[in-house]
Amino acid sequence: MAINPEYIGKTFPPGPPYEVSRVKLAEFADAIGDPNPVYRDRAAAAAAGYPDVIAPPTFPIVIGMAASGQALADPGLNLNYAMVVHGEQRFEYSRPLVAGDVVTATVTISDIRQAGRNSLMTTSTRIETVGGEHVCTAYNTLVERGGAQ
């Protein structure tokens, strides 16, 4: 059974605030193999013009995946997560995420479509500070294999 197209446009409330920490940024940079010191060293980040260490460009996936759990688990969506693979990811920034930022993420299902036997679902996740400043929007496409049968 296909993903429920009635969910197109549905926005889920943000989860609890996420505090961006230097430790998590360094761990993420290590995990992706990026040695750039602006992700680990406050002095290097300051020399580059940042107030503290910054997040690698793909770090918002950590925040977005935590926030999208509510949407993906909604039984009315009819998503078989066991059959899901990651299709595409992109980010649009207003500014970098910086250690010390406290952010929330709001997930909207922006598209659901069929491609052959697969169902594709695209979400947009708006990440902003608890004060309402937009930092980044993450766009994610998931592919449910065989979901369009």
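The values are calculated or read from the model by the stated rules, or taken from the named source; none is laboratory data. The structure presented is a predicted model; accordingly, all values stated were derived computationally and were not measured. Every residue, glycine as well, gets a Cβ built from its backbone with ideal geometry; the counts of neighbours run over all protein chains shown.
When region 98-141 is filtered for residues that are free of Cβ contacts under 8 Å to residues at least 24 places away in the same chain and among the small types (Gly, Ala, Ser), the ones remaining, listed by number, are Ser124, Gly131, Gly132.
Selection within region 51-61: residues that are in contact (Cβ under 8 Å) with a residue 40 or more places away in the chain and over 16 Å from Val130 (Cβ atoms). The member of this set that is surrounded by the most Cβ atoms within 10 Å (Cβ to Cβ) is Val53. Do we have any residue at all in region 110-117 that's touching a Lys or Arg at 6+ places or on another chain (Cβ under 9 Å) and at pLDDT 95 or above? No, region 110-117 contains no residue that is touching a Lys or Arg at 6+ places or on another chain (Cβ under 9 Å) and at pLDDT 95 or above. Residues that are among the hydrophobic types (A, V, I, L, M, F, W, C) and in a loop (DSSP other than H, G, I, E, B) were ranked within region 1-29; the one that is surrounded by the fewest Cβ atoms within 10 Å (Cβ to Cβ) is Met1. Looking across Gly49, Gly69, one residue alone is in a loop (DSSP other than H, G, I, E, B) and not polar (S, T, N, Q). It is Gly49. Only a single item in (1) loosely packed, with under 12 Cβ neighbours inside 10 Å; (2) in a loop (DSSP other than H, G, I, E, B); (3) touching a residue at least 12 places away in the same chain (Cβ under 8 Å) is not met by Arg95, and it is number (1). Of (1) aliphatic (A, V, I, L, M); (2) surrounded by 15 or more Cβ atoms within 10 Å (Cβ to Cβ); (3) over 20 Å from the mean Cα position of the chain (by Cα), Ala48 satisfies all except one. Which? It fails just one condition, (2). Kindly indicate whether any position in region 55-63 is assigned to a helix (DSSP H, G or I) and over 13 Å from the mean Cα position of the chain (by Cα). Scanning region 55-63, I find no residue that is assigned to a helix (DSSP H, G or I) and over 13 Å from the mean Cα position of the chain (by Cα), so the answer is no. Regarding region 61-78, can at least one residue be identified that is charged (D, E, K, R) and closer than 25 Å to Arg113 by Cα? Checked against the condition, which is being charged (D, E, K, R) and closer than 25 Å to Arg113 by Cα, region 61-78 yields at least one hit.
Residue count for region 98-135 satisfying the condition of being more than 9 Å from the chain's Cα centre (by Cα), of a type in the set (A, V, I, L, M, F, W, C), closer than 30 Å to Asp41 by Cβ and outside any loop (DSSP other than H, G, I, E, B): 4.
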